[in-house]
1. With the requirement that a residue be without any contact (Cβ under 8 Å) to a residue 12 or more places away in the chain and either assigned to a loop (DSSP other than H, G, I, E, B) or closer than 20 Å to A:Ser149 by Cα (or both), what does the range A:90-132 give you?
2. Restricting attention to the range B:48-79, report how many residues are more than 8 Å from chain A (Cβ to nearest Cβ), under 24 Å from the mean Cα position of the chain (by Cα) and part of a helix (DSSP H, G or I).
3. If you go through the range B:11-46 one residue at a time, how many are under 25 Å from B:Gly161 (Cα atoms) and among the β-branched types (Val, Ile, Thr)?
4. Among the residues of the range B:58-73, how many are at pLDDT below 95 and of a type in the set (A, V, I, L, M)?
5. Taking the range A:153-207, which residues are basic (Lys, Arg) and either within 15 Å of A:Ile86 (Cβ to Cβ) or not in a loop (DSSP other than H, G, I, E, B) (or both)?
6. Taking into account only those residues within the range B:65-96 that are of a type in the set (Val, Ile, Thr) and closer than 17 Å to B:Gly164 by Cβ, which is most open to solvent (accessible area, probe 1.4 Å)?
7. Can you give me the number of residues within the range B:16-45 that are surrounded by fewer than 16 Cβ atoms within 10 Å (Cβ to Cβ) and touching a Phe, Trp or Tyr at 6+ places or on another chain (Cβ under 8 Å)?
8. For the range A:115-135, give me each residue that is buried (at least 22 other Cβ atoms within 10 Å of the Cβ), of a type in the set (Val, Ile, Thr) and within 21 Å of the chain's Cα centre (by Cα).
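The values are calculated or read from the model by the stated rules, or taken from the named source; none is laboratory data. Computed from a predicted structure; not experimentally measured. Positions of Cβ are generated from backbone atoms using ideal geometry, with glycine treated the same way; all protein chains shown enter the neighbour counts. The protein model used for the area step is the full one, side chains on, heavy atoms only, and it has no ligands, DNA or RNA in it. Shrake-Rupley method; radii C 1.70, N 1.55, O 1.52, S 1.80 Å.
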Amino acid sequence: MHNEHHQSHESEQAREHEEIVKFESGNSYFLSASILTAGILIAGSVLYSTSKGTSNPAPQPTGGNNPPAVASADLSKVLAVGNRDIILGDQKAPVTLIEYGDYQCPFCGKMFTQVEPQLREEYIKTGKVKMVYRNFQFLGAESTNAGASAECAKDQGKFWVYHDELYKAEIADGKENSGNLNRALFVNLAEKAGLDANVFASCYDNNKYVAQIEKDKNDASAIGVNATPTNYINGQMVQGAQPYAAFKSVIDLELTKK
Amino acid sequence: MPTNNARLITLGLKQVFVIPWYVALALAVCAATFALAVWLPNLNLISHVLTDSSAPLFFKLQIPLTLLGSIDTNFTLLSASYTILISVFFGMNVALVAYDIIRRISAVKDAGIALGASGVLSGILGIGCAACGSVVITELLSLIGVSGALMFLPLRGGEFGIVGVVLLAASIAFVSKKIALSLVCAPKLIK
């Protein structure tokens with residue numbers, strides 16, 4: 001009985017010792033594997049980014065980590081409200097909010113539905129903020145076409161109504177590059193927004209503003225925009241579909257300075 | 001003494017996280033990692049507000065706090081999930097590694113052996129490499145401009161977040177087991 005107990009205890013010790021030896025061996029393999037994995041991923045990403053020959057990463061919808069790109073143009077010059085900018089709100093409002101968006105970007109859609117209604121009600125209608133929407137259409141041909149169609153709406157003084165209808169249609173569709181943003185939809189939305197459909201269609205069919213869309217994107221890239229939505233509140237970048245409370249805080253801070 | 005993996009891991013975790021200081025350390029690191037991940041796109045805004053002498057203190061506190069809400073508005077379900085998991089797992093890893101290092105140093109001091117800096121460093125690397133590497137990878141990739149590469153992946157870069165979670169979970173299991181085995185390992189058992 002005593003011998004059986006002693007043998008059992010020795011077996012237990014031997015098993016534990018074997019466990020320790022196995023664990024120590026596994027330790028070195030795990031260390032090697034983890035260093036190798038980390039090294040390959042970091043080296044690969046560094047090589048890829050340098051091989052692209054650009055200091056700015058390719059744009060993408062926000063949705064997680066995406067720091068702004070390096071600005072290479074004069075910010076104040078690019079952000080100055082120009083002839084192609086259609087202001088929503090009072091021209092004399094002390095705070096200017098410029099949104100760079102893509103009509104297919106789901107996070108721009110979130111901003112449209114979750115931030116803009118309150119923003120318009122509490123700040124734009126009350127004369128505290130004026131808003132400008134600019135194109136950063138990068139998610140494909142449908143985005144470019146949508147942006148160009150909205151520029152045609154500017155010609156008839158109906159930009160913001162058309163802009164809202166476009167976002168509603170894309171949010172309802174819910175998919176990027178699904179084919180829903182097409183000429184038939186654009187003409188339909190133009191009619192809904194009260195535009196002259198024939199004038200609008202002529203503008204769109206002649207690709208009047210396709211080059212403008214590309215220029216807008218390049219100008220935005222030059223000041224560090226690389227994701228949508230990117231907003232500038234009195235020149236201060238606020239990137240991403242931030243909660244309304246964040247926009248409110250930044251705007252309120254700017255209002256204290258006026 | 002327990003010898004199967006799950007019981008060893010549980011034993012190791014319990015050993016560390018019954019001590020309030022290590023729980024506090026894990027929570028602090030978790031919170032810092034989460035905040036950094038969420039604030040990353042707007043670090044310039046936060047820096048500007050904090051250094052703006054004309055900005056009232058209220059806004060210096062409010063703006064960073066409100067930006068934390070972007071985990072709900074500016075993240076997909078996948079990216080929010082792995083961001084939170086990585087923050088939690090990294091916090092746990094740091095606490096486990098800190099415990100193990102302190103334990104090692106104490107054990108060596110007790111044994112009267114001089115421990116050089118390289119010994120401590122190799123211990124840190126041996127335990128924490130996967131944990132540090134995976135957090136660095138998921139945060140660093142966007143900083144060094146690989147967004148273009150990510151867009152071609154099926155989950156647009158979410159794969160790295162998932163890899164990070166897996167590596168960190170594996171690291172937790174590894175370190176916990178190591179801590180637990182130190183409880184069963186007595187010098188006389190090692191031949």
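1. Listed by number, the list holds a single entry, A:Thr126.
2. Within the range B:48-79, the first condition is being more than 8 Å from chain A (Cβ to nearest Cβ), and the residues that meet it are B:50-53, B:57-58, B:60-61, B:64-65, B:68, B:71, B:77-78.
When the remaining residues are screened for being under 24 Å from the mean Cα position of the chain (by Cα), the result is B:64-65, B:68, B:71, B:77-78.
Those still in the list that are part of a helix (DSSP H, G or I) too: B:64-65, B:71, B:77-78.
Residues that pass the stated criteria total 5.
3. Matching residues across the range B:11-46 total 5.
4. Residues in the range B:58-73 being at pLDDT below 95 and of a type in the set (A, V, I, L, M): 1 in total.
5. In the first step, residues of the range A:153-207 are kept if they are basic (Lys, Arg); the result is A:154, A:158, A:168, A:175, A:183, A:192.
Correct list: A:Lys154, A:Lys158, A:Lys168, A:Arg183, A:Lys192.
6. My answer is B:Ile84.
7. Step one: of the range B:16-45, the residues surrounded by fewer than 16 Cβ atoms within 10 Å (Cβ to Cβ) are B:18-21, B:23-24, B:27-28, B:31-32, B:36, B:43-44.
Narrowing further to those that are touching a Phe, Trp or Tyr at 6+ places or on another chain (Cβ under 8 Å): B:19, B:23.
Adding up the residues that qualify gives 2.
8. A:Val115
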